[in-house]
Amino acid sequence: NSSQTPYETLGGEQVLSQLVDTFYTKVSQHSDLAPLFPDDLTETARKQKQFLTQFLGGPTLYTDEHGHPMLRARHMPFVITPIQAEAWLFCMKEAMDEIELTGPIRDYMIERLTMTANHMVNQPS
Ligand code: HEM
């Protein structure tokens with residue numbers, strides 16, 4: 001249905017929640033990413049679910065609780081080179097594989113997440 005948001009096409013809260021939880025399991029096991037993140041990823045995952053919900057056209061959960069995302073500014077405390085951006089996207093693709101997310105919605109998400117990940121790079125490699 002052409003009037004669906006990407007969030008709805010994805011499968012809403014349930015599928016997004018599975019994707020994000022699977023993604024952070026990968027992140028916690030990736031040597032280029034794990035050192036940047038807290039040991040307990042519960043709160044990180046909660047915020048990412050809120051963010052991706054609104055990123056995909058669902059309810060504005062992130063902004064309602066935290067204000068404007070200002071994602072690049074919020075990532076400035078962390079050294080992010082192209083290595084970390086690639087690793088982030090690799091973990092996301094692995095998570096999509098694991099939950100068997102395929103088709104145009106996957107391609108659309110990868111395209112937009114690639115742009116966002118590249119935008120977070122704040123140091124040369
Ligand atoms: C928070 C790393 C890309 C969305 C964080 C945190 C780290 C991080 C270390 C803090 C975690 C915490 O303290 O709980 C990275 C790295 C990236 C990347 C290395 C590689 C390019 C992205 C992308 C998105 C994103 C592409 C969105 C699609 C977020 C959000 C938060 C966050 C929403 C929570 C911000 C808050 O504290 O409110 N990220 N990130 N990140 N990241 Fe990323």
Region 45-64 and region 66-125 have their Cα centres apart by a whole-number Å value of 15 Å
Length gained when the stretch THR44-TYR108 is fully extended (0.36 nm per residue, less Cα-Cα span)
20.7 nm
Are there trypsin sites (Lys or Arg not before Pro) in region 60-125 that DSSP puts in a loop and that have at most 11 other Cβ atoms within 10 Å, and which ones?
none
Quarter of Cα convex hull surface for region 6-119, i.e. mean projection, nm²:
6.6 nm²
Roughly how tilted is helix 82-98, in degrees to the nearest 10 and between 0 and 90, from the longest Cα axis of the chain?
40 degrees
For the chain, what is the relative contact order in percent, using Cα pairs closer than 8 Å and at least 6 residues apart in sequence?
32 percent
Is it possible to state the helix-based mean residue ellipticity at 222 nm for the chain, with each DSSP H run of 4+ residues giving -39500 (n - 2.57), the sum divided by total residues, to the nearest 500 deg cm²/dmol? What is it?
-19500 deg cm²/dmol
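Throughout, read-outs are computed from the coordinates displayed, never taken from laboratory work. Computed from a predicted model, the values in this text were never measured in an experiment. With ideal geometry, Cβ positions are generated from the backbone for all residues, glycine too; neighbour counts draw on all protein chains shown.
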